[in-house]
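Step one of this worksheet: look at the structure below.
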Amino acid sequence: QVQLVESGGGLVQPGGSLRLSCAASGSTSSINAMGWYRQAPGKQRELAAVITVGGILNYADSVKGRFTISRDTAKNTVYLQMNSLKPEDTAVYYCKAADLWREFWGKGTLVTVSL
């Protein structure tokens, strides 16, 4: 099993920045990818960014150029640096880890972009 704990959400004004963190514990050696997903009110959960164990990155078109995913392997932590935030980025952000057979999810952290 893998446990994921997100942190770093909050209220920010449009144009501002936030950095989310996701700390993994448990059977972390089996993880082959970690990512950030988000779910806005009334919408389906969608991919924001993902990073594989080999360092391959993938971003949703809506966040390209504004969000950066990174990892600290020694700390088993993945980060999402979010810049130039827009009101439409408002959502609960979830961390996901995957191995060959299973997916693990954190409980989410709320990001609100508003004046």
### Task
Just the number, please: carbon plus sulfur as a percent of the accessible area of the chain, 1.4 Å probe, no ligands or DNA/RNA counted.
52
#### Entry: Dimensionless Rg/Rh of the range 1-58 - Kirkwood Rh, Rg from C-alpha atoms
1.01
### Summary
Amide H neighbours of Gly108 at under 5 Å, excluding residues fewer than 5 places away on the same chain, with H built from the backbone geometry, are Glu6, Cys95
### Task
Please give the per residue accessible area of the range 22-115, computed with a probe of 1.4 Å over protein heavy atoms only, in Å².
54
### Summary
The answer for Ser27, listing residues at least 5 apart or on another chain whose modeled amide H is closer than 5 Å to its amide H, is Val2, Gln3
### Query
Straight-line reach from Lys86: which lysines have a Cα under 26 Å away, not including same-chain ones fewer than 8 places off?
Lys43, Lys64, Lys96, Lys107
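Regarding the chain, what whole-number volume in Å³ per residue does the convex hull of its Cα atoms give?
Cα convex hull per residue, to the nearest whole number: 93 Å³.
The values are calculated or read from the model by the stated rules, or taken from the named source; none is laboratory data. What you are looking at is a predicted structure, and each value in this text was computed from that prediction instead of being measured. Calculation scope for accessible area: heavy atoms of the full protein, side chains included, ligands and nucleic acids excluded. Shrake-Rupley method; radii C 1.70, N 1.55, O 1.52, S 1.80 Å.
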